[in-house]
Amino acid sequence: MKPARFDYARPASLDDAIGLLGTEDVFAKALAGGQSLGPMLNLRLVQPELLVDISRLPELAEVGEENEGLTLGAGITHAAIEDRRVPDVTAGMLPRVAGQIAFRAVRNRGTLGGSLAHGDPAADWVTCLAALGAEVVIRGRAGRRQVAVADLMRGAFETGLEADELLTAIRVPRLAGGARWGYYKVCRKIGELAEAVAAVVHDPERGVYRAVVGATHGSPIVIAEARDAGAAAEVMAAAAQGFDDYETQVHEVALRRAFQALEQG
Amino acid sequence: MCFGLVATPPVRYNRTTPREGREPARIMTEIAARHVGQPTERTEDLRLLRGRGQYADDLAVSPRTVHAAILRSPHAHAEIVSIDAKAALSLPGVIAVVTGEDVQALTDPFLVALRQPLHQWSLAVGRVRYVGEPVALVLADDRYLAEDALDLLSVSYRELPVALDPAEAAQEDAPLVHEAAGTNLVSVRDFSYGDPDGAFAAADRRIALTTRFPRHSYMPIENFVVVAEYHEGDGAWDVLANFQGPYSTHPVMARALRVPGARLRLRTPRDSGGSFGIKLAVFPYIVLMAIAARMAGRPVKWVEDRYEHLLAANSCPERVTTIEAAVRDDGTITALRFDQLEDYGAYLRAPMPGPLYRMHGAMTGAYDIPNLAITSKIVVTNRMPAGLVRGFGGPQLYFALERLIQRVAVELDLDPLDVIRKNLIPAHAFPYRAAAGALYDSGDYAKAIEIATGDGRLDDLIRRRDAARAEGRLYGIGFAAVVEPGMSNMGYLSTLLTTEARERAGPKNGAISLATVNVDPLGAVSVSADCMPQGQGHETVLAQIVADQLGLAPDEIAVNLAHDTGKDPWSIAAGTYSCRFTPGTAVAVHKAARQLRDKLARIASNTLNLRPDDLVFTGARIQARDNPDNAVAFARAAGVAHWAPATLPDGMAPGLRETAAWTPPELAAPTEGDHINTSLTYGFVFDMCGVEVDPITAQVRIDRYVTMHDSGKLLNPLLAEGQVLGAFAQGVGTALHEEFVYDSEGSFLTATFADYLVPTVNEVPRPEILHMESPSPFTPLGAKGAGEGNCLATPACLANAVADALGIADPQLPMTPKRLHALMAARDEPAP
Ligand SMILES: Cc1cc2nc3c(=O)[nH]c(=O)nc-3n(C[C@H](O)[C@H](O)[C@H](O)COP(=O)(O)OP(=O)(O)OC[C@H]3O[C@@H](n4cnc5c(N)ncnc54)[C@H](O)[C@@H]3O)c2cc1C
């Protein structure tokens, strides 16, 4: 379990990183916290020629709070959010979800950007941030674009990111007063990725009542007009693909319990 | 969703007073135990917890050492058509590529317990028989390069049909794993004790069930490590490996390497990062690295990685048991019939098929059942070879037996606890000869159950169940009563052979333990012995034992259990496995210390002008029993044996180094009627628990767990508690999480910890631990093996509780949410 040979670069700026990632004929990969990429390198599931270490880029550590919401650099770790070392505009949802990801050692290094770019359907941030209506900021040679988290994933471990593109920030809308959320994760043991996971955000003032079901066989299922658990479950059942009986049941229970959690505040 | 921690209940001890007229048969010590029996903290922890352990991978190697990586088979069954190593060999830094052809030229196949042509070498020869089987070995300057070279090896395979499921593999038309054997069902033996047919004919009811005990293994943190070097001049190997025994495997390795045992020096480091039986299975790699070192002319180091470990290191055998009881309407069981089919994977590695026979004499468990029929069948399949896993045949037996007891209760509409109680071996029957030959040394099972269920513990469980059920929740109670064997009879495996074959092979019995205690000229004491500790705390206990004998403090005794077959005492029984430390090695150390004490007493009696019997050893002095002032310092008496041998009493050998051997006479060879006392000591474990199953997610929550142990005299209660907690955690893993899964082509699906779930502290509630002590009359220390009990009891106890909660007859292990969900759905479906 030793990785194949690779070169390693630690560029000083975001532009340099994008430049390196876009080098012709070189298979390059960004390295953030290494919590997903590390095991894949060791198992030789991916064999890049060049690792571009973005974990210390100052641009990815930036935090900005505005009226509409919060911008978090893609390099911010799960632990930083869990410990509330960054501001929160989600009535506690982000810190709460962060604390349920893996073990502390993984949270110390794993990042928001790495989690979203990795595209694991069971990743907590995918479900949570899609429910919040967050967007990602993407930078590449062609410039800057912005995509809703819910639309980033194209399938299991597939995103619409180009080879030279990096997630630089995540923009999370501010919940209005009176907004509520619910989150529920089914996992067989603490620190495991979810077997089923669901998030619900109800923000009457902003007219948002959105539910998201994750840990599917592909992209998360987004239920834009959630209304209530029963209706949401019907939408989920219609949208779900490839679920067996058990999977249907646990995803439904995750969804119902997320609604319950929302009710109980 | 995941379990909370229960507050730590205190550990309680109950000592049974010896029953009148039933004094233990042999008491060999009258020394006041000052240290033995105390909950002394582990002296090992000072180094282990501060990262100062000396594990195999930490030890310095020669700078000439090369590093090995192994190419493994991607197919479950295939012919190896060709191996092209050219590209790999041309990579700078690559030194050699070893293939099956080299192995076939330089070694012999490993010896097999059965007379069947199931040839296994350390690399696949001609054919691969399981996914993960070693196919080629690359030696390079470092491990990275070696793995790069693996990618350049090109092997062409011709795929063959596979035999995976044990029952299907046993069919006549199944694809053959070993063509030369002509069948996959390589051994079938029938045994009968008492009159099972008569008892079944006379029974009010016959109650049967079939259980499947799945493949899994327990996970050491440290994987296999081998460093092998060949000394041209001596024609001998020097190998360092984290091997754990049994050393009956040493002759197997030496024979494979075609050398006498003395030319295979095997050293084991002082510390081990866990074993649970698994580190036996490093032995084929020892042979492989040995010949690689010879071919390369340089030392070879190999460190197994986690992927390799999960894929191919070790598995317990899968066992399919059909068990049937002849029962009276009142719940009395008059006979048992076992039909056991055990899957050993692609090869029968030594000492397989141990798990199928280790419990053979004790198949009736804690029950007084005089009539017994057993059919034991061995099947080979295209899966990883089976090996030692903590519990070693016990979990397989008790999952069937204790599930059956619960079924008997359900079918007869009795309380399961009443069925257990009705059939228990009565206290007055000890020493008790079980139907198949086990000689249970001591115990009072009914009393153990009385203590465990007492103090309101059972009432509380029932209250919790009733309250939960009143709210419509799924709550169940489970029990398991288990006899825990300690120290195996080296002759038990020959029960597998017919009487005639046994006679031809020569008798096998006993279990030798060896230990040496040394006192230097200044009175400093050191100990070496034939065990390979893996975290149990052996150093601590041995120091306690020797300290008591010599009147010293435990911290004055230096125990170093790094082992060297070239220099230290060992026998074929050596190693740390099957709970042999306490009834075996500890006794040998006790005896060696005792011999030294006798010798020192004679020396001191000269000086003090007293009879040796009138001396006591205490506070680093040897003194008159009735006059403490009449004394000589321990160190002074020791010095005499070194500095003034001429003054020693007549006939006394100089020096102070005693090696003691111990083998108990109770471990006799199998009889003509196949009766076998499979182990020396038999402890008792009674488990009781309440669980709740989430009706929607189908997750199991352990609400309360009580575990009662009688392990004879406890040498160190703290260490015994550690054994119980560890075995319990692994029992929970077996019950709820851990399983090696193969797909229909034989590919392995659980090769990372994301797929193979090992419970952690979050998933393992703290059990309430109780003890009582029925000393063993068969060992001088009165102590029994105590390392495996909960591996035997906990899976069965939790399965019984889940069966009770859901009203199902067939909870399969591991009881994953997915499985339980399917069982609940099937149960809820209206009958057709
Ligand atoms: C034991 C364990 C348990 C886990 N449990 C959970 C869990 O319960 N829930 C959960 O959500 N996750 C879990 N994870 C995954 C964890 O959250 C990872 O941290 C995360 O998936 C990857 O983040 P990273 O920063 O480590 O990314 P890396 O591993 O460094 O990179 C992952 C991938 O993303 C790419 N990448 C990284 N950053 C960027 C960027 N800014 N722009 C574009 N591409 C980028 C990399 O090139 C790579 O392909 C677990 C991981 C482990 C090891």
Derived scalar couplings ³J(HN,Hα) [the range B:755-771; Karplus, 6.51 cos²θ - 1.76 cosθ + 1.60; whole Hz; x for Gly, Pro]: 10, 9, 8, 9, x, 10, 4, 5, 9, 10, x, 7, x, 8, 9, 10, 9
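Restricting to chain B, what percent of DSSP beta bridges are antiparallel, rounded to 5? Don't skip to the answer; put the middle values down first.
Values: 106 of 133 bridges.
Rounded to the nearest five, the antiparallel share is 80 percent.
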Sum of -39500 (n - 2.57) over DSSP H runs of 4+, divided by residues of the protein assembly as shown (222 nm, nearest 500): -8000 deg cm²/dmol
All-pairs Cα distance distribution in the protein assembly as shown, expressed in whole percent, bin size 20 Å: 11, 37, 36, 14, 2, 0
Alpha-carbon radius of gyration plus Dmax, which is the widest Cα pair, for the range A:58-173 in Å: 13.0, 37
Spin-label pair A:GLU68/A:ARG141, simplified geometry with 7 Å Cα→Cβ offset, distance in nm: 3.0
Label point distance in nm, B:ALA505-A:ALA239, each placed 7 Å from Cα along Cα→Cβ: 6.4
Peptide A:254-262, shielding by other chains (average Cβ, 10 Å cutoff): 1
Chain B - Rg (one decimal) and Dmax (whole number), Cα, Å: 27.4, 94
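Kindly sort B:TYR230, A:TYR183 by accessible area of their heavy atoms, largest first, with the probe set to 1.4 Å. Numbers along the way, then the final one.
On the way: B:TYR230 45, A:TYR183 20 Å².
Largest accessible area first, the residues go B:TYR230, A:TYR183.
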Distance-filtered residues of the range A:104-125 - backbone nitrogen under 15 Å, label point 7 angstrom along B:THR760 Cα→Cβ: A:104-110
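Using a probe radius of 1.4 Å on protein heavy atoms only, what is the accessible area buried between chains A and B, both sides summed, to the nearest 100 Å²?
What A and B bury together is about 2300 Å².
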Accessible-area ranking of B:HIS231, B:HIS590, largest first, probe 1.4 Å: B:HIS231, B:HIS590
Calculated Rg and Dmax of the range A:7-53 using C-alpha coordinates, Å: 10.6, 30
Kirkwood estimate for the range B:609-694, i.e. one over the average of 1/r between Cα atoms, Å: 18.8
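When the dipole is taken about the Cα centre of the protein assembly as shown, and only Lys, Arg (+1) and Asp, Glu (-1) are charged at their Cβ, what size is it in debye, to the nearest 20?
Numbers: 105 positive and 134 negative charges, 477 e Å.
My answer is approximately 2300 debye.
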Dipole of chain B, positive end: most advanced residue of B:ILE557, B:ALA202, B:ALA438 [Cβ charges, Cα centre]: B:ILE557
Most positive-pole-ward Cα, A:VAL250, A:ILE221, A:ALA194, against dipole of the range A:180-264 from beta carbon charges: A:ALA194
Long-range amide H partners of A:VAL208 with built H, under 5 Å: A:ASP203
Which of B:PRO134, B:TYR230, B:GLY365, positive extreme of dipole for chain B (C-beta unit charges): B:TYR230
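Given axes a ≥ b ≥ c from the Cα gyration tensor, I'd like to know whether the range A:128-210 is rounded (a/c under 1.5), prolate (a/b larger than b/c) or oblate. Write out the running numbers ahead of the final one.
Details: a/c = 2.76, a/b = 1.26, b/c = 2.20.
It comes out oblate by the Cα gyration axes.
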22 Å tail of the calculated P(r), the range B:164-285, as % of Cα pairs: 63
Entries in B:LYS279/B:LYS377; A:LYS29/A:LYS185; A:LYS2/A:LYS29; A:LYS2/B:LYS86; B:LYS447/B:LYS713; B:LYS422/B:LYS784 that, when Cα-Cα distance is taken, lie over 19 Å: B:LYS279/B:LYS377; A:LYS29/A:LYS185; A:LYS2/B:LYS86; B:LYS422/B:LYS784
Efficiency of FRET from Cβ geometry, B:ALA825 and B:VAL188, R₀ 41 Å, rounded to 0.05: 0.65
For the range A:180-264, share of DSSP beta bridges that run antiparallel, in % to the nearest 5: 95
3J(HN,Hα) from dihedral phi, the range A:115-127, Karplus parametrisation 6.51/-1.76/1.60, rounded to Hz, x for glycine, proline: 5, 6, 6, 5, x, 6, x, 8, 5, 5, 5, 4, 5
Sites B:LEU718 and B:ALA262, calculated FRET efficiency, Cβ-Cβ separation with R0 45 Å, nearest 0.05: 0.70
Paramagnetic reach from B:ALA181 (point 7 Å along Cα→Cβ, amide N under 19 Å) across the range B:330-346: B:340-346
Space enclosed by the convex hull of the alpha-carbon atoms of chain A, per residue, Å³: 128
Nitroxide proxy distance, nm - points 7 Å out along Cα→Cβ at B:LEU522 and B:HIS119: 5.8
Sequence-distant residues sharing a close amide H with B:HIS563 (under 5 Å, placed H): B:THR268
Hz values of 3J(HN,Hα) by residue in the range B:280-295 - Karplus curve (6.51, -1.76, 1.60), Gly and Pro given as x: 4, 6, 6, 5, x, 6, 4, 5, 4, 5, 4, 6, 4, 5, 5, 5
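Between B:VAL61 and B:HIS231, how high is the FRET efficiency from 1/(1 + (r/R0)^6) when r is the Cβ-Cβ distance and R₀ = 22 Å? Nearest 0.05. Provide the component values of the computation, followed by the final result.
Details: r = 15 Å, r/R0 = 0.69.
With a Förster radius of 22 Å, E is 0.90.
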Where B:MET219, B:MET253 fall by accessible area, highest first, once all protein chains stay in place (1.4 Å): B:MET219, B:MET253
log10 of Debye I(q)/I(0), alpha-carbon scatterers only, for the range A:180-264 at 0.14, 0.15, 0.23 Å⁻¹: -0.42, -0.48, -1.06
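For A:PHE6 and A:ASP83 in one chain, what is 0.36 nm times their gap in residues minus the Cα-Cα distance, to one decimal in nm? Intermediate values should be presented prior to the final figure.
Working: separation 77, 0.36 × 77 = 27.72 nm, distance 3.43 nm.
Full extension from A:PHE6 to A:ASP83 adds 24.3 nm.
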Nonlocal amide H pairs with A:ALA169, under 5 Å, H built at 1.01 Å: A:ALA74, A:VAL137
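The values are calculated or read from the model by the stated rules, or taken from the named source; none is laboratory data. What you see is a predicted model; the values in this text were computed from it and never measured. Cβ sites come from the backbone with ideal geometry, for glycine too, and all protein chains shown count toward neighbours. Surface accessibility is based on the protein's heavy atoms, side chains included, excluding ligands, DNA and RNA. Shrake-Rupley method; radii C 1.70, N 1.55, O 1.52, S 1.80 Å.
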